[in-house]
Amino acid sequence: MKPKRKATNQVRIIGGQHRGRQLAFPDLPGLRPTGDRVRETLFNWLQPILPGAQCLDLFAGSGVLGLEAASRGAGEVVLLDKSPQVIRQLQSHIADLKLDQVNAVQADALGWLQAPSLNISFDVIFIDPPFSDGLLEPCIQLLASSGLLAENARVYLETDVLESLSFLPAEWQLLRKKKAGQVAYYLFAPHQVGDD
């Protein structure tokens, strides 16, 4: 009997209430889900603050970061993506998993950050744009001045290992950093963190 091949456009939730659930995602340019090992590390970093947290995924794509956060106890999750196809798929996952605390919004991240439609501050922000689109720097600049960051917010960045982060605001404190292949990923505290 041949081993079952994993569907190419599927990713799985690796922890929490919906652990093991497979999620399909559209085959679109630049859509690159965060891998299992990277996500496991990220959510270990976030575990102390994730329960009940308000989370924002600015370039949702497969939705796996935001849906993983919801599975692990986040209080509210907003998934943004400009693709109608992506949003339809995410809304289907939200309904199937009965994740009432998750909302998928069709919007361009940069435009949305200039005029957020929500009066809310976020505890966790995921920023994982398509690597070649030059979106990271303007996204960070808009986020830093948006008023969307809660007092003890954490910002997750996922980039190509060659990308410089010299444009980050000086007050952003690097808490964690790792590499996996051609991907570098970071956790920042946008406000100075006191002694914990």
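What follows draws every value from the coordinates through simple rules; no lab data is involved. None of the values given here were measured: they were computed from a predicted structure. A quick note on method: Cβ atoms are made from the backbone with ideal geometry, for glycine too, and the neighbour counts reach across all protein chains shown.
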Looking at the stretch 10-189 only, what percent of DSSP beta bridges run antiparallel? Nearest 5 please. 50 percent
Calculate for the chain the 222 nm mean residue ellipticity that helices alone would give, adding -39,500 (n - 2.57) per DSSP H run of length 4 or more and normalising by residue count, nearest 500 deg cm²/dmol. -7000 deg cm²/dmol
Rounded to 10°, Cα long-axis angle of helix 84-97 versus longest principal axis of the chain: 70 degrees
Largest first and to the nearest Å, give the Cα extent of the stretch 122-167 along each principal axis. 30, 18, 16
Return the inverse of the average 1/r over all pairs of distinct C-alpha atoms in the stretch 10-189, which is the Kirkwood hydrodynamic radius, in Å to one decimal. 16.1 Å
Relative to the longest principal axis of the chain, what angle (0 to 90°, nearest 10) does the C-alpha long axis of helix 36-46 take? 40 degrees
How far apart, in nm, are the 7 Å Cα→Cβ label points at Gln182 and Ala95? 3.6 nm
In which sequence would Thr159, Thr34 go, from the one with the fewest C-beta neighbours within 10 Å to the one with the most? Thr159, Thr34
Where Lys and Arg each count +1 and Asp and Glu each count -1, what net charge lies around Ala104 among other residues with Cβ under 9 Å from its Cβ? 0
Ratio Rg/Rh, restricted to the stretch 118-196 and using Cα atoms, in which Rh is the Kirkwood radius: 0.95
Highest mean first, how do 161-173, 126-138, 60-72 rank when packing is the count of other Cβ atoms within 10 Å averaged over residues? 60-72, 126-138, 161-173
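Tell me, in nm to one decimal, what length is gained between Asn119 and Gln17 on full extension, where the rule is 0.36 nm per residue of separation less the Cα-Cα distance?
Values: separation 102, 0.36 × 102 = 36.72 nm, distance 2.81 nm.
Once the chain is fully extended between Asn119 and Gln17, it gains 33.9 nm.
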